[in-house]
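Working notes, beginning with the structure itself.
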Amino acid sequence: MITFEQLSCFTAVYECSSYSKAARKVNKTRATVRERVKALEDVLGFELFEIHGKTLTPTSSAQHLYSRAENLTRQSKEFYTVALSTFETSITSVVLHHDDLVPLSLLSSIDDAIEREFPNIAINWLQRDREASLKDIESGEALFSVMPTTGKIYPSTKVAMTNLGTYQYAAYTATDSTISREVIDLNDLTTEDLLLTENSALNNMRYADISNRKHLVSNNDMLLHKIQKKGWTLLSTANAHHLVSAGKLRRIRISESLGTLRHEMVLFYPLHSELDPNRSRIIKIAKECAEQFSHSLYA
């Protein structure tokens, strides 16, 4: 029977080319390491190392087996770490919802911060509309949701809410669009094709109803594909930044909004999550990241 300890000692000796150095690496005595490797050789029926002077040289059989042994030992260590993490945190994954207009830079910073503090928890980001998101929060299927505000801020007595500040958004079109590059009147856009995601329409974004030729799409990928061919759209300035820099989009200069447009965001989460220290901490991380975002150029 091959044991994890035998494989661990074998990989350590292979990497260190020395029983003594390998012993220090795995925090065992030299005799123990040598004994485990010898036991593995007995099970396999062939030698794994040859002695040349003071150096151990792996045999061709050892070279063939090393990568597999290293994978097994690494996976065993990961299993042990995850098992401890599961015991300590009581959760192995979280489901987080977001709206398609929420700046990706904010979501990314939340994701990074959660992963740093809870490295063994799987983080699942799902784009959802407001109604579906709140339903999942109430049922406990989602931990929190980052959404733009609408008229009714408090959707349910089972859901808590925290204001996360604002994000900037603006009107954009393709770089080679026929829409004027000069400052234009808002009325000039009423006959232009307006591309909107379903969420943007539901969130009552300013300008979302001014066009007579509105086209709804399911997600941002489809929107960005169509906008290359015609029309204009509304995007957060943070999400549009790299597309403008890449020369794919340009911002439309509208006389009615020479200042910056802003929309408020909120964090929805279930009230019962406050009783769990780990879920509560993850929610607090999201709030802390939003606070940092509030000082950025895109807030």
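Do we have any residue at all in the stretch 222-232 that's more than 19 Å from the chain's Cα centre (by Cα), under 30 Å from MET161 (Cα atoms), at pLDDT 85 or above and not polar (S, T, N, Q)?
In the first step, residues of the stretch 222-232 are kept if they are more than 19 Å from the chain's Cα centre (by Cα); the result is 222-232.
Subset that is under 30 Å from MET161 (Cα atoms): 223.
Imposing the further condition that a residue be at pLDDT 85 or above reduces the set to 223.
If we keep only those that are not polar (S, T, N, Q) too, we end up with 223.
Within the stretch 222-232 (the criterion being more than 19 Å from the chain's Cα centre (by Cα), under 30 Å from MET161 (Cα atoms), at pLDDT 85 or above and not polar (S, T, N, Q)), the answer is yes, since at least one residue qualifies.
It is to be established whether one or more residues within the stretch 214-224 are of a type in the set (Gly, Ala, Ser), loosely packed, with under 15 Cβ neighbours inside 10 Å and not in a loop (DSSP other than H, G, I, E, B).
The answer is no, given that none of the residues of the stretch 214-224 is of a type in the set (Gly, Ala, Ser), loosely packed, with under 15 Cβ neighbours inside 10 Å and not in a loop (DSSP other than H, G, I, E, B).
Evaluate the following for TYR269: is it buried (at least 18 other Cβ atoms within 10 Å of the Cβ), among the hydroxyl-bearing types (Ser, Thr, Tyr) and assigned to a strand (DSSP E or B)? Working first, answer last.
Details: buried (at least 18 other Cβ atoms within 10 Å of the Cβ): yes; among the hydroxyl-bearing types (Ser, Thr, Tyr): yes; assigned to a strand (DSSP E or B): yes.
The answer is yes for TYR269.
Could you go through the stretch 68-76 and let me know if any residue there is out of contact with any His (no Cβ under 7 Å at 6 or more places or on another chain), modelled with pLDDT under 95 and among the acidic types (Asp, Glu).
yes
What is the residue count in the stretch 157-172 for residues that are in contact with a helix residue (DSSP H, G or I) (Cβ under 6 Å, 6 or more places away or on another chain), under 23 Å from VAL95 (Cα atoms) and at pLDDT below 90?
Here the count works out to 3.
Could you list, in sequence order, the residues of the stretch 239-266 that are modelled with pLDDT of 90 or more and in a loop (DSSP other than H, G, I, E, B)?
Result: ALA246, GLY247, LYS248, ILE252, ARG253.
What is the number of the single condition among (1) at pLDDT below 85; (2) assigned to a loop (DSSP other than H, G, I, E, B); (3) under 31 Å from the mean Cα position of the chain (by Cα) that ILE210 does not meet?
(3)
Could you tell me whether any residue of the stretch 25-39 is without any contact (Cβ under 8 Å) to a residue 12 or more places away in the chain and either of a type in the set (S, T, N, Q) or in contact with a His (Cβ under 8 Å, 6 or more places away or on another chain) (or both)?
Checked against the condition, which is being without any contact (Cβ under 8 Å) to a residue 12 or more places away in the chain and either of a type in the set (S, T, N, Q) or in contact with a His (Cβ under 8 Å, 6 or more places away or on another chain) (or both), the stretch 25-39 yields at least one hit.
State which residue pairs qualify: first residue under 15 Å from LEU40 (Cα atoms) and inside the stretch 60-76, second residue not β-branched (Val, Ile, Thr) in any location, beta carbons under 6 Å apart, and separation of 6 or more residues or different chains.
Every condition considered, the pairs that remain are SER61/PHE46; ALA62/LEU48; TYR66/TYR14; ALA69/LEU7; ALA69/PHE10; LEU72/LEU7; THR73/LEU7; THR73/SER8.
The values are calculated or read from the model by the stated rules, or taken from the named source; none is laboratory data. On a predicted model such as this, the values are computed, not experimentally measured, just so you know. Heads up, the Cβs are rebuilt from the backbone with ideal geometry, glycines too, and the neighbour counts pull from every protein chain shown.
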